[in-house]
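In what follows, a single structure is set out as structure tokens and then discussed.
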Amino acid sequence: MEIISGERKGHKIKFPVTPRIRPTSSVVREAIFNVLTARNIVKGSRVIDLYCGVGTLGLEAFSRGSTYVCFIDRGELSIKYVKENLRKLHYEEKARVIKNTALAAVNKLAEEGEKFDLAFADPPYNISEKELSQVFEALKKVLKNNSVIVLEHSSKNFYNFDGYHLELTKKYGDTAVSFYLLAK
């Protein structure tokens, strides 16, 4: 697995071979960033990468011009690989890594007054709709007006969240990617 485009194009991303971590495939990442780039959203943005795994989405955002990425995951192995990839790609000075649940981390960031332009969420496909709705509700406190949230989920599921406008959903086999706009 490697960075698809930008200043670190072709650089390898390290990841463990384990069923607990499901890095976003290059095909899906390319599709996500084609949509975001066409809307001029990535360059100069502050990004929050929830359920980040090894950090593929946040690392791709860095390579394409994001100025800051906050990586969040509760898994020890994920956090280890995110930190290793950040060091290898020389992004550690522009990043923050939080080992916690998505909901607890977002609430902590809200208390600190953090604000973001773009959010990625790639939760386990078996996450409950209630838990995901709580995370989306908490995100309202840290996202700027008209922020974009990219949710990677099972293509069998469909989600609607209060206060968010679903703009687009694309399916890639078992994976779907939904783009939401937060309009405050």
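The values are calculated or read from the model by the stated rules, or taken from the named source; none is laboratory data. Everything numeric in this text was worked out from a predicted model, so none of it was measured. Here Cβ is always computed from backbone atoms with ideal geometry, including for glycine, and neighbour counts include all displayed protein chains.
Within the option set Asn107, Asn100, being among the polar types (S, T, N, Q), in contact with a Lys or Arg (Cβ under 7 Å, 6 or more places away or on another chain), within 20 Å of Ala138 (Cβ to Cβ) and at pLDDT 95 or above holds for one residue only, Asn100. Scanning the range 59-99 for residues that are within 17 Å of Ile4 (Cα to Cα), touching a Ser or Thr at 6+ places or on another chain (Cβ under 8 Å) and polar (S, T, N, Q) yields Ser63, Ser66. Counting only residues that are touching an Asp or Glu at 6+ places or on another chain (Cβ under 8 Å), within 11 Å of Leu118 (Cα to Cα) and either modelled with pLDDT under 95 or not small (Gly, Ala, Ser) (or both), the range 58-97 holds 2 of them.
Hey, among Tyr51, Tyr81, which residue is more than 21 Å from Lys170 (Cβ to Cβ), of a type in the set (Ser, Thr, Tyr) and surrounded by 15 or more Cβ atoms within 10 Å (Cβ to Cβ)? Reasoning before the result, please.
Values: Tyr51 fails: more than 21 Å from Lys170 (Cβ to Cβ).
Every option except Tyr81 fails the conditions.
Quick check, is Val42 in a loop (DSSP other than H, G, I, E, B) and over 20 Å from Ser178 (Cβ atoms)? Here the answer is no, as Val42 does not meet what is asked. Taking the range 111-149 as the region of interest, how many residues are crowded, with 16+ Cβ neighbours inside 10 Å and of a type in the set (Gly, Ala, Ser)? Final tally of qualifying residues: 4. All of Ala61, Ala31 fail the test of being more than 23 Å from Ala104 (Cβ to Cβ), part of a helix (DSSP H, G or I) and in contact (Cβ under 8 Å) with a residue 24 or more places away in the chain, apart from Ala31. The numbered conditions (1) surrounded by fewer than 15 Cβ atoms within 10 Å (Cβ to Cβ); (2) in contact with a Phe, Trp or Tyr (Cβ under 8 Å, 6 or more places away or on another chain) are all true for Ile98 except (1).
When the range 19-52 is filtered for residues that are modelled with pLDDT under 90 and not basic (Lys, Arg), the ones remaining, listed by number, are Pro19, Ile21, Pro23, Thr24, Ser25, Ser26, Val27, Val28.
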